[in-house]
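**Q** To start, I am sharing the structure in question, which I have written as structure tokens.
The values are calculated or read from the model by the stated rules, or taken from the named source; none is laboratory data. Treat the numbers as computed from the prediction; the structure is a model and nothing was measured. Cβ coordinates were reconstructed from backbone atoms using ideal geometry, including for glycine residues, and neighbour counts include every protein chain displayed.
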Amino acid sequence: MTDLISSGEARLQAMAAPEGEIAAATHTLVVGPYLTRPAGGAPAPARSVQARIEEAAGLAAAIELDVVEAMPVTLPRIRPSTYLGKGRVEEIAGLVRAREIGLVVMDCALSPVQQRNLEKAWGAKVIDRTGLILEIFGRRASTREGTLQVEHAHLAYQRSRLVRSWTHLERQRGGFGFLGGPGETQIEADRRMIQERMTRIERDLDAVTRTRGLHRQSRARVPYPIVALVGYTNAGKSTLFNALTKAQVVAQDMLFATLDPTARATKLPHGETVILSDTVGFISDLPTSLIAAFRATLEDVIEADILLHVRDVSHGDTEAQAEDVGQVLRELGIEDAADRVIEVWNKADLLDADERTRLLNLSRKGNTTQRNDRDSAAPVLVSAVTGEGLSALTSRIEARIARSRSTFAVVLPPEDGAALNWLYENAEVLDRRMEEGGTLHLAVRVAPEKEPRFLNRFGAARRLTRAE
């Protein structure tokens, strides 16, 4: 059995290199089968049909598929055998033959039976939204943890689709992706084989999770606030991350450009060090299996002191995207994060003058009416590309951190350079002025865990404000 698994893994590695070439040569049809009325009395989707089909086409383009056409299809109800009605199935079959389509992407969740019946009717491979997102994640994961999580989710997805009657396919599917699998007729790994591989992955993931836990413990010994970026995919999180940390994380105008988590230490204007964490983007109808698979990756989000909810305010569906992000946060167990969320309205550079002025006024109005202090629930309008608004954002982060910290007035004699150095290393120096004789008057902000050491060293310090 071990030899079989090893040979399967070797085949998958051999397939990885030409995936881009295969994708570019795969004529793809994207079909958006959207119900005219949601089933079961569910609320109507906040997005327009056009926005939904454009996003689906964007997902296909994210792995370089040759999207020949993206067509929305409105449905009065879902047909159990093929999802679409008989007439629509025949219409699309004609289009598949005429345009030489090799792959049909259905922007919905298909049952194995529906997927198999559509493949029979169209003579082409068919994948649903979950399969497409899994394929993107499989291509983008680069760390060991990310690769393991994606493979585990993909195997769980494929396990339910191992059906021996799929011998009609001209090109066979299997393995890690749909673009060039080693063969469904041999059931590349039968259910038992897949389960063994999943068990091995789970053991490896446990080891990775323990390692991440040790990293978090070591960070706790030198406690820095964690600031995690969350948001809809392609909202500009990685570009903002790079702008704030001067890092070089991949930042591209495509869906799911970032998959693996990245964390960097960076200093705020007054000297406070924070850990900034970039995370995978969220998306509507994100498969539950993927949320579970990436839970360990998103632990920085769960434990973060501050969440920067990055929104692309130039996008027509920004409100619906924000609601999707909120839904995923709730599924991660972050029920009420309002007290630690700063909403960041990104891509101000893409707005026309009137809209930019309107949003800027809204953010300023919120700053003056929500609260009387420097911190508020109002959003911050920024452009991660041009740098506009970044100083206001870092000030807001500082103000949010300050809520849990006390400030003190400290007086130092001119010769006590060691004490001055200690303050710059262990506290935030908010203000500094010098008398004629060289005596220094400082206002400093101290983290709760460092306050005992501070008071032990600077017993004469006068408390100016107390932590909330």
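**Q** Could you tell me which residue of the stretch 321-331 is modelled with the highest pLDDT, considering only residues that are over 19 Å from Leu240 (Cα atoms) and crowded, with 18+ Cβ neighbours inside 10 Å?
**A** Kept after step one, since they are over 19 Å from Leu240 (Cα atoms), are these residues of the stretch 321-331: 323-324, 326-331.
Still in the running and crowded, with 18+ Cβ neighbours inside 10 Å: 324, 328-329.
On the way: Asp324: 86, Val328: 79, Leu329: 81.
Per the stated criteria, the residue is Asp324.
**Q** Then there is this: What is the one condition in (1) over 21 Å from Leu381 (Cα atoms); (2) modelled with pLDDT under 70 that Thr262 does not satisfy?
**A** Exception for Thr262: condition (2).
**Q** Quick check on the stretch 98-106. Is at least one of its residues out of contact with any strand residue (DSSP E or B) (no Cβ under 7 Å at 6 or more places or on another chain) and outside any strand (DSSP E or B)? Reasoning before the result, please.
**A** Of all residues in the stretch 98-106, those out of contact with any strand residue (DSSP E or B) (no Cβ under 7 Å at 6 or more places or on another chain) come to 98.
Keeping just the survivors that are outside any strand (DSSP E or B) gives 98.
The answer is yes; a qualifying residue exists.
**Q** For Leu29, all conditions in the list (1) at pLDDT 70 or above; (2) farther than 23 Å from Leu134 by Cα; (3) aliphatic (A, V, I, L, M); (4) in contact with an Asp or Glu (Cβ under 8 Å, 6 or more places away or on another chain) hold save one; what is the number of the exception?
**A** With (1) at pLDDT 70 or above; (2) farther than 23 Å from Leu134 by Cα; (3) aliphatic (A, V, I, L, M); (4) in contact with an Asp or Glu (Cβ under 8 Å, 6 or more places away or on another chain) applied to Leu29, the lone miss is (2).
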